[in-house]
1. If one computes the Cα centroid of the range 5-25 and of the range 114-151, what distance in Å separates the two points?
2. Give me the number: length gained by fully extending Val247 to Phe215, i.e. 0.36 nm times residue separation minus the C-alpha to C-alpha distance, one decimal in nm.
3. Read phi for every residue in the range 53-66 and hand back ³J(HN,Hα) as whole Hz from Karplus 6.51 cos²θ - 1.76 cosθ + 1.60, θ = phi - 60°, with x for Gly and Pro.
4. When 1/r is averaged over all different Cα pairs and the result inverted, which Kirkwood radius in Å belongs to the chain?
5. Take peptides 123-131, 68-76, 207-215 and line them up by average Cβ neighbours within 10 Å, highest first, as a rough protection proxy.
6. What nm distance separates the two modelled labels at Glu9 and Thr158, each placed 7 Å from Cα along Cα→Cβ?
7. What are the membrane-span-like helices in the chain by this rule: whole DSSP H runs, Cα extent along the axis at least 24 Å, mean Kyte-Doolittle hydropathy at least 0.5?
8. What net charge do the residues around Ser213 carry, taking every other residue with its C-beta under 12 Å from that of Ser213, with Lys and Arg at +1 and Asp and Glu at -1?
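A short reminder: the numbers here are calculations on the coordinates, not readings from a lab. From a predicted model like this one, the values you see are computed outputs, not experimental measurements. Please note: Cβ atoms are built from the backbone with ideal geometry, for glycine as well, and neighbour counts cover all protein chains shown.
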Amino acid sequence: MSGPRFEIERFEDIGSTNTYLLERARQAAPAGLVAVADHQSAGRGRLDRRWEAPAGSALLVSVLLRPRLEAHQAHLVTGAVALAAVAAVEALSGLRPGLKWPNDLVVGEAKVAGILAEADPSAPGGLPGTTAVVVGMGLNLTWPGPPEAGGTSLLDATGKVLLRDDLLRAYLQELGARLGLLETAAGRGRLGTELEGALVTLGRRVAVTTADSRFEGIASGLSPEGHLLVATAEGVVEVITGDVTSVRSSPQA
């Protein structure tokens, strides 16, 4: 998918922008459809965690994409979205957030945005070899999230109130510039290199919790598919899905 034309649908209140676009994908909606909401009553993050921001306090946006990728390369879609968000925030505020693998934008140790990608390979309407992927993002503009989340907002981090529509335009422009990279091996390599450079997770000692295990090690790099590589006493483990937290806040040598 290269140079998409984005079509924006706006909602004052919606259950979930991701759920809405997945339903539209199953109705053969084209790539580039964007849903933006003032408020989500059923917003969620990874592991089905509930996330509900006060109306107007966050950029709540989902995008329907139909990339031509293998299932094991899906992390690169999330990576393209995350990098686009980082670039948009930096362009408008001067602040460059870091990325915490697999799906958070952070300022220091505090989360400022979360990203959730969901796919439906059976959804009709795409070109042969493509898969419908919906990527949603909640980016805190003026609300740092619930106290237990340990988050922050762009207002707290920069002292500036960024207008949601300005940030949305910058984000979609940056995303459009990166989606073409998903189409070729060379492009995916460039995307992976940019992603590695933005990750604050690398070089840290991390604890990884998966569906059937928990282990610790040093986050040492990314695979070509965007999976996290963790060096443990038993060897390097490739993490495809899992909850990753820093064991210590300072980078390890």
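1. The range 5-25 and the range 114-151 have Cα centres spaced 11 Å from each other.
2. 10.4 nm
3. Those phi angles translate into 9, x, 4, x, 9, 8, 8, 10, 9, 10, 10, 8, 10, 9 Hz.
4. Result for the chain, one decimal place: 18.4 Å.
5. Those peptides, ordered most packed to least, come out 68-76, 123-131, 207-215.
6. Here the modelled spin labels are 2.9 nm apart.
7. Flagged H segments are 75-93.
8. So the environment of Ser213 carries a net charge of -3.
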